[in-house]
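Enquirer: Quick one: the structure is below, and I'll ask about it shortly.
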Amino acid sequence: MSDPTSPAVTADVQDFVELCVPLTGFSEFDLYATGMAERYLETVRQQVGPDRFAEFWAAWTAAVADGGGPQSLSPVHLEVARAVTYLWHTGAWPRLAPAAHAALRRQPANEEFVVAPEAYVEGLVWRTFHGHPGGAKPPGFGTWSVQPPPQSDILSLRQDLGLGELPFRAGLTAEVALDAVPGHLLPGLRAARYVPPSAVPTAAERPDTSRERA
Amino acid sequence: MTGTVGADEAVRRRYDVVVVGGGWAGSLLAKDLGERGWQVLVLEAGNGGAETWPGYLDSLSTFYSAVAKVPNSGYRRSVAAPFPDVLDLAPVRDPEPGEREYTANGYFVQNGRLPYGTDYLRELGGAAMHWLGAVPRMHPEDFATNERFGYGRDWPITAADLQPWYARAEFEIGVAGDAQGQRELGVVTDPDYVFPMHQIPASWIDRYCTGLDGTPILDEVADEQYPLKVHSLPQARNSTPNPDYRPGPYRPSSAVGLPNYGERCVGNASCVPICPVQAKSHPLRQQARFPRTVTTATRCVVTRVRLAGPTMGGRVSGVEFRAYTDPASPVGRSYVVEAGVVVLAAHAIENARLLLFSGLANGSDQVGRNLMDHPTVLNWALADERRGPVGPFRGPGHTSGWEVFRFGEGRRRRAPFRIEIGNWGWGWATGAPMSNVATALGVGGDRQGEIRPDGVFGPELRRLLGSTIGRQLQLQIAVEQSANPGNRVTLDRRHRDATGNLRPVLTYDLDPHTRSGVYAARLVAARIFQRLDATDWTNHAPRDGVPPLGHFTHTVDGTTLDLAYSGAGHGAGTHVMGSSPRDSVVDAFQRTWEHPNLYAVGCGSMPSIGTSNPTLTMLALALRSAEQIHQDLVLDRRPADVRPADEAEVPA
Amino acid sequence: MRTALALEKAGFAVPDTLEKLRTCLQAALEVEHLTIPVYLTGMYTIRAGTNSAAFYGIRAVVMEEMLHMTLVANLLNAVGGAPVVDSRVVAEYPARLPFSGESVPSIGLQHFSPAALKTFLRIEQPRSMTPPTAPGGGWTSIGQFYDAVREGLEHLVRTLGHDRVFTGGPERQIGPEDFYNSGGEVFPVEDLAGALLAIETVTEQGEGVHDTIWNSNETFGEERELAHWFRFNEIFTGRSYGPHDRPRDRPSGPLIDVDWDGAHPIHGDSKVADYRVYERTSAVYQQAVAFNSRYAVLLRYLDSAFNGHPRHLAPAVPTMLELRDRAAQLYRNPHPDPALAARGCFASATFEITDPQFDAADAEVARNLAAASLRTGEPVDLAGLASDSAEAFA
């Protein structure tokens, strides 16, 4: 029931959502619209520990403020930033790079898990290509026949999100050319079905379909 | 629906028919016989629950929570009635040359050269709870590949014999399709036939591919050019009723447990593992229409078929089963139930397991042999960036295919294949779209476990994902595997489940004809991608020493390819039908040759599976068997000889 | 609500001309629509992962209201009328419930809460629980209103003759091939028997059959279900009805898991004008306007479907599903007014649909209906729709 003493969102959550916009590429409205903000903040705190989360958050706040973006984060903080972004996009906490897992001295097992059934349903990744989560939010009979809308362009995305010139990449010199996406940014074949999405290897460079055997 | 009952109640009576298994075949057959007035008991090994709406929502929620959204991810594992899962298989890192490249760590014991990568489900409704709903008929030539092309086993019946049964099955389960297109393929022969519902609308991806209609594609193994044409796939999925259907009007069925729901597919795009609205047909619908003559008991694991006394001419008297209350515990209690006819409808592998354990029907030594599946080779590519996104992850799993490689003389040189145009991007091959997020961000570290330096965020991430997911194309190509007696289910007393039942031991491999089909399919897919100006990212080679499951290499004309296949869930062939008891297990009515009142129904009876998803053929056969069982029972129950009325008989 | 409010104001009367009968049925259409935004608000403010039984309980009622709208449209078409679904159908919330007497308070948009359920119960209150008014008094209940419609219809059939009353073309009737996933099977109305069955369905799904808690769905060979008031009472009391409960009994069955905290509290009287004040700090304004625009599109599809093109429901259903997602997104965003947000309020869909929005919707609806292939009897094919529609559907 409406409790006049507790706000719709706490200041912590508000701050979390505001600075997750440059991580996820989605607006505050979209992030709140998942209904998961508070739950995700709790999850991140629990997964990296409250103190380390506070350190990470201070670093990320500074990186946004001084215009450095993700590439000015330390490697461990970069991995945490990835995990937070993965969480928003998929509803799951990912498997971290083992080196980051060790450096953070994390208690929980380094395994991917879905935060809650409703978290999967609120994954943002589906919206990046104008889709809907498999098994939820069905769009209606015959809608799959309609041509999908064109790819949104980066300038208007930045503009809509009020994000200016901040570089949103690490370890890459320029924006990825969409007509020549490198294999290390794409998933490759899952060797077995139990491999969680965050542990799927990247694609090998453009494969050759045949090879001679001696 | 009279609801399910417990074992104690179930065994109070003698039945006309006991059906082992509450999946597709068992449910359809039980309903048919029950409607004819016979007393039928259906024994389901698995749990029930999904027939109530809260129970169904629980399955949906279980699926949402699963990290690996595999076909069984909506259902909990069971100790009392264990079942195989695709998660049971693991690749072996750096395998020795010639050694097995996988381990099997679940319900199946596997000792074959290649893994049997198919699962099923022991749960009320069976594996049909997670099936896709693809229901193409088989082609006339599929029934006689040996006679026509010199490979595989032939059927004792023809496609023409099955046509009326196909039509009935399509009514019972509710099929949406384009009959004209199926007539063009030669699989529907009645010139006036229409399906109960109009075809499921084609996806945008289908339309994108239709641009290649008329383009010839070289299959160098068959040494033939095949002109492409996209055909709509018949599906057991609710669509718009076709007013021309006779006898009409056809009304799509609602969800079981929630009235007026699921009357159309609404595009959840998750048919496998679970259709959230139940627009996809499943056996619980049949069960909801069971007449009062049919009794269903869940959590009853049939352990043995009982042979009747020596004077009974090889007849069986009933079955033994163990009933349990807690799926997490192996504790149970044994019962015997008797019936006039016993029907095994428990999945090809479970039927074989029961026959082998019971020591029945195996005079031909064919029980458990000829195990088949549709080895499925995945091909994935990114569509041309200039033409924009194609709209993956929308609509049913696949709505159209390229059919031309299924038929004709090419079958002599390689197994035929059906190209499914996938609607769900790279999901099956790579775990997309979640894995796209991970690799674009660079989360999870590199090969050595170090933190990766590269990755994108924010608007750049959104843009990259929009493009690299939005352009995903995947062709799943199901290759025919023909009957080979070496591919088999056996039992070994050393391998038991927690309740003491013997687990299936599988020996599986692909023969050169099938391997050549996989090889040809891979190259054809590559050519199609080329024609679409798509970038082919398919790669089945071992990665960092880890071969993908189902990996093998195959050489044709001096060229060797790394290939890999996945299981399609189409287990078949373990109690094949034939025209002679010498070399087959059941006759053309799926009645065991040796036991006149023991039927083994399901895909296990199929001598070949062509390139059609086998469920519809299985159901046509089941309905045909139901008719025969009815005739058997009538004969059994009628007096052998009725004298004319004038012969001084006293009226009752 | 224009027709309904005008008719109510004119006072109780049994329609004695075809024209008046048609006016009554237009009013009925508006009344059936009135409750839909109210129930949708209650349903979509439920937090994900909570109150599943309540969600499906309210959902069932909403679906039946949609069925009622469609049956009323069939009835109106059958008697030679033409349903109008435009701004006159739209109510301003809080709204008066017409034909129900002065004792019924205005009905506002409320989040899932005991107060909301009380409102729902008041809306669906069966006649048997409504104290009778003095003889010669005015309107007292929706049930009484439908009684008047039935009486008028029977009278007109007697006086004019059946064929001069049922003059509508059969091609205007919506059947189950186009209307699905809703509260029971829709059926074409072609004669008096069909018309009476439609009225009976509409009243009994709401009130229950005579003196029982069940609705009339058994007519269609379906499982029997609780009538609306009793469904809501289960949620309100947190307990389900037992098999032998009578209408005036408290439910005696097993408890239902109802969690009143599992909701996003809203300030239901908020209007887009209130959101506009915070346009620069919150996207809620823009999204609330977009919701209303899309709702206008939905209503215009319905208008076309009800006027000789039953298959035009095909693009209407995806629009409803789009509205479902948009509504949920609004209810999860904090209210843009910091003072209200601090008191725990979230944003809400306002259901204010104005003439400019209808005009814009008309253009889009006309364009899409021309582009899609929606001929009766043929397969539904939306492929012709422009790709911006796909964005809306996703």
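Enquirer: Which of the residues that make up the range B:27-37 are open to solvent by less than 30 Å² (accessible area, probe 1.4 Å) and farther than 25 Å from B:G571 by Cβ?
Expert: Matches in the range B:27-37: B:G34 only.
Enquirer: Is it the case that A:R127 is in a helix (DSSP H, G or I), facing chain B (nearest Cβ under 10 Å), open to solvent by 60 Å² or more (accessible area, probe 1.4 Å) and closer than 23 Å to B:G431 by Cβ?
Expert: Working: in a helix (DSSP H, G or I): yes; facing chain B (nearest Cβ under 10 Å): yes; open to solvent by 60 Å² or more (accessible area, probe 1.4 Å): yes; closer than 23 Å to B:G431 by Cβ: yes.
Answer is yes for this residue.
Enquirer: A follow-up question, please. Among B:N539, B:N487, which is the only one that is of a type in the set (S, T, N, Q) and within 14 Å of chain A (Cβ to nearest Cβ)?
Expert: Details: B:N487 fails: within 14 Å of chain A (Cβ to nearest Cβ).
From the options B:N539, B:N487, the qualifying one is B:N539.
Enquirer: Being under 30 Å from B:G408 (Cβ atoms), assigned to a loop (DSSP other than H, G, I, E, B) and open to solvent by less than 20 Å² (accessible area, probe 1.4 Å) is the filter here; which residues of the range B:224-259 pass it?
Expert: Of the residues in the range B:224-259, the ones under 30 Å from B:G408 (Cβ atoms) are B:224-237.
Going one step further and asking which of them are assigned to a loop (DSSP other than H, G, I, E, B), we end up with B:228-229, B:233-234, B:236.
If the condition is that a residue be under 30 Å from B:G408 (Cβ atoms), assigned to a loop (DSSP other than H, G, I, E, B) and open to solvent by less than 20 Å² (accessible area, probe 1.4 Å), then B:L228, B:L233, B:P234, B:A236 are the ones that fit.
Enquirer: Moving to a separate point now. What are the residues in the range C:364-381 that are of a type outside the set (G, A, S), assigned to a loop (DSSP other than H, G, I, E, B) and more than 7 Å from chain B (Cβ to nearest Cβ), if any?
Expert: Across the range C:364-381, the qualifying residues are C:L374, C:R375, C:T376, C:E378.
Enquirer: Scan the range B:18-50 residue by residue and report those that are touching a Gly at 6+ places or on another chain (Cβ under 6 Å) and of a type outside the set (G, A, S).
Expert: Hits for the range B:18-50 are B:V19, B:V40, B:V42, B:E44.
Enquirer: For the structure I just gave you, tell me whether B:G442 is within 7 Å of another protein chain (Cβ to nearest Cβ) and more than 20 Å from the chain's Cα centre (by Cα). Working first, answer last.
Expert: Values: within 7 Å of another protein chain (Cβ to nearest Cβ): yes; more than 20 Å from the chain's Cα centre (by Cα): yes.
Considered against the rule, which asks whether it is within 7 Å of another protein chain (Cβ to nearest Cβ) and more than 20 Å from the chain's Cα centre (by Cα), B:G442 comes out as yes.
Enquirer: Check A:V76, A:V13 and return the single one that is out of contact with any Asp or Glu (no Cβ under 8 Å at 6 or more places or on another chain) and either part of a loop (DSSP other than H, G, I, E, B) or at pLDDT 95 or above (or both).
Expert: Just a single option satisfies the conditions, and that option is A:V76.
Enquirer: Let me ask something else about it. If a residue must be farther than 18 Å from B:T376 by Cα, in contact with a strand residue (DSSP E or B) (Cβ under 9 Å, 6 or more places away or on another chain) and open to solvent by 30 Å² or more (accessible area, probe 1.4 Å), how many such residues does the range B:528-541 contain?
Expert: 3
Enquirer: Residue pairs, Cβ under 8 Å, 6 or more apart or interchain, first in the range A:138-164 and farther than 23 Å from A:P22 by Cα and more than 7 Å from chain B (Cβ to nearest Cβ), second at pLDDT below 90 and open to solvent by 40 Å² or more (accessible area, probe 1.4 Å). List them.
Expert: From residues that are farther than 23 Å from A:P22 by Cα and more than 7 Å from chain B (Cβ to nearest Cβ), the pairs are A:P149/C:D388; A:P149/C:E391.
Enquirer: Still on this model: Of the numbered conditions (1) in a helix (DSSP H, G or I); (2) at pLDDT 95 or above; (3) closer than 25 Å to B:G318 by Cβ, B:A620 satisfies every one except a single condition; which is it?
Expert: Failed condition: (3).
This table checks each residue for (1) in contact (Cβ under 8 Å) with a residue 24 or more places away in the chain; (2) out of contact with any helix residue (DSSP H, G or I) (no Cβ under 9 Å at 6 or more places or on another chain).
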| residue | (1), (2) |
| --- | --- |
| B:H551 | yes, yes |
| B:L561 | yes, no |
| B:Q590 | yes, no |
| B:N613 | yes, yes |
| B:T617 | yes, no |
| B:Q628 | yes, yes |
| B:Q631 | no, yes |
| B:D641 | no, yes |
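Enquirer: B:G449: surrounded by fewer than 24 Cβ atoms within 10 Å (Cβ to Cβ), free of Cβ contacts under 8 Å to residues at least 24 places away in the same chain and in contact with a helix residue (DSSP H, G or I) (Cβ under 8 Å, 6 or more places away or on another chain), yes or no? Show your work before the answer.
Expert: Details: surrounded by fewer than 24 Cβ atoms within 10 Å (Cβ to Cβ): yes; free of Cβ contacts under 8 Å to residues at least 24 places away in the same chain: yes; in contact with a helix residue (DSSP H, G or I) (Cβ under 8 Å, 6 or more places away or on another chain): yes.
Taking the combined requirement at face value, the residue satisfies it.
Here is a yes/no grid of residues against (1) at pLDDT below 95; (2) surrounded by fewer than 24 Cβ atoms within 10 Å (Cβ to Cβ); (3) under 30 Å from B:L114 (Cα atoms):
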| residue | (1), (2), (3) |
| --- | --- |
| B:T2 | yes, yes, no |
| B:V17 | no, no, no |
| B:A25 | no, no, yes |
| B:L43 | no, no, no |
| B:E51 | yes, yes, no |
| B:P54 | yes, yes, no |
| B:S59 | no, yes, no |
| B:A66 | no, yes, yes |
| B:A80 | no, no, yes |
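Enquirer: Give all pairs with beta carbons closer than 6 Å in which a residue from the range A:12-35 that is over 20 Å from A:S156 (Cβ atoms) meets a residue that is charged (D, E, K, R) and modelled with pLDDT of 95 or more; count only pairs at least 6 apart in sequence or on separate chains.
Expert: Short answer, once both residue conditions are applied: A:V13/A:E38; A:V17/A:E28; A:Y32/C:R332; A:T34/A:E122; A:G35/C:R332.
Enquirer: Would you please name the residue that is nearest to the other protein chains (Cβ to nearest Cβ), looking only at residues in the range A:165-182 that are open to solvent by 30 Å² or more (accessible area, probe 1.4 Å) and either closer than 30 Å to B:A202 by Cβ or among the hydroxyl-bearing types (S, T, Y) (or both)?
Expert: Out of the qualifying residues, it is A:D179.
Enquirer: Let me ask something else. If a residue has to be out of contact with any Gly (no Cβ under 9 Å at 6 or more places or on another chain) and open to solvent by less than 20 Å² (accessible area, probe 1.4 Å) to count, how many in the range A:50-67 make the cut?
Expert: 3
Enquirer: Please work out which residue is most open to solvent (accessible area, probe 1.4 Å), limiting yourself to the range B:187-223 and to residues that are within 14 Å of chain C (Cβ to nearest Cβ) and outside any loop (DSSP other than H, G, I, E, B).
Expert: B:R207
Enquirer: Let me ask something else. Identify the single condition in (1) within 14 Å of chain A (Cβ to nearest Cβ); (2) in contact with a strand residue (DSSP E or B) (Cβ under 6 Å, 6 or more places away or on another chain) that B:H374 does not satisfy, given that it satisfies every other one.
Expert: Condition (1) is where B:H374 drops out.
Enquirer: Take C:A314 and tell me if it is closer than 22 Å to C:G262 by Cα, surrounded by 20 or more Cβ atoms within 10 Å (Cβ to Cβ) and in the same structural domain as C:L382 (by TED's automatic domain parsing).
Expert: No: the conditions fail for C:A314.
Enquirer: Does the range B:509-517 contain any residue that is open to solvent by 30 Å² or more (accessible area, probe 1.4 Å), at the interface with another protein chain (Cβ under 7 Å from one of its Cβ atoms) and at pLDDT 95 or above?
Expert: No; the residues of the range B:509-517 include none that is open to solvent by 30 Å² or more (accessible area, probe 1.4 Å), at the interface with another protein chain (Cβ under 7 Å from one of its Cβ atoms) and at pLDDT 95 or above.
The values are calculated or read from the model by the stated rules, or taken from the named source; none is laboratory data. Because the structure is a prediction, the values reported are computed rather than measured. Neighbour counts are summed over all protein chains in view; Cβ atoms, including those assigned to glycine, are modelled from backbone coordinates with ideal geometry. Just the protein is used for accessible areas: all its heavy atoms, side chains included, with ligands, DNA and RNA removed. Shrake-Rupley method; radii C 1.70, N 1.55, O 1.52, S 1.80 Å.
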